[in-house]
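Asks: Handing you a structure now.
Since every read-out is calculated from the coordinates, none of them should be taken as a lab result. No experiment lies behind these values; they were computed from the predicted model shown. Cβ: placed from backbone, ideal geometry, glycine included. Neighbour counts: every protein chain shown.
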Amino acid sequence: MLLCISCAAYGQSGGEPPKDTVHYRKPDSLRVKIYPRAIRFSTDLLSIIRSQTIATFKGWEVNADMDLGRYYLAADYGSWERNYNLKTGGTYSNGGTYWRAGIDVNLLMKDPDRNMFFLGFRYGRSQFHESTTVITNDVVFGTIQQDLVNPSVSAGWGEIVTGLRVKMWKNFWLGYTARMKFAPGVQGDTAVKAYDIPGYGLNGKGVTWGFNYQVMWRIPFGKEKKTKSRPAPGATN
């Protein structure tokens, strides 16, 4: 009788002990390890073309960015000179250097060649000098010429940027950057309000726009690891 009672109790309990439940977390395709993979150097072709074709402009710009995975640290450095006649009959000239620094976010994470369509932010600074000659005609004193000079001017601004980077052949890349520049702040324009800011453009217009077309060379820090697909739970070789 005791044997029958034991068998009945075992049958009511389900016959087998409960198994532990294992939960598998699916890999996050957007979770990328952050570490330096490569550095890329570039120069702006449009600045070179403008310097050769526009008499009122001389300048150049070089760029660099570091591949950290999903994010890229970016920096720019350039030179800028303007010389032109004003509508009032006077002249204006300036010259100086500028730099920008910021970060880009790559929106093309699954591209095997690491091509980029990105969105980013820059902070820019410029150090320059400028001078202007103002000519006025007075009925009493005749033509009056006034020379105004700002010997040391500095300026800062912000930029929202977007663009494309495409691998053309091995380490050779092409790309462009579009810039929305805003919120300029100027110090040192004591003689006359700063008119043209190197790296930014005309002062006092609110938002200005910029565009760079760049040729690039990418230097990898080592052989990049390819992401391996994880086998499904319970799969066998």
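Asks: Figure the gain on full extension for Ile219 and Lys205 (residue separation times 0.36 nm, minus the Cα-Cα span) and round it to one decimal in nm.
Replies: Values: separation 14, 0.36 × 14 = 5.04 nm, distance 3.91 nm.
Separation in residues times 0.36 nm, less the Cα-Cα distance, equals 1.1 nm.
Asks: What spacing in nm lies between the two simple spin-label points modelled at Lys33 and Ile49, each 7 Å away from Cα in the Cβ direction?
Replies: So the two model labels end up 4.2 nm from each other.
Asks: Segment 143-216 to segment 34-89: how many Å between their Cα centroids?
Replies: Rounded to whole Å, the Cα centres lie 9 Å apart.
Asks: Convex hull over the alpha-carbon atoms of segment 97-237: what's its volume per residue in Å³?
Replies: On the way: hull volume 22.3 nm³, N = 141.
In segment 97-237, the Cα hull volume divided by residue count equals 158 Å³.
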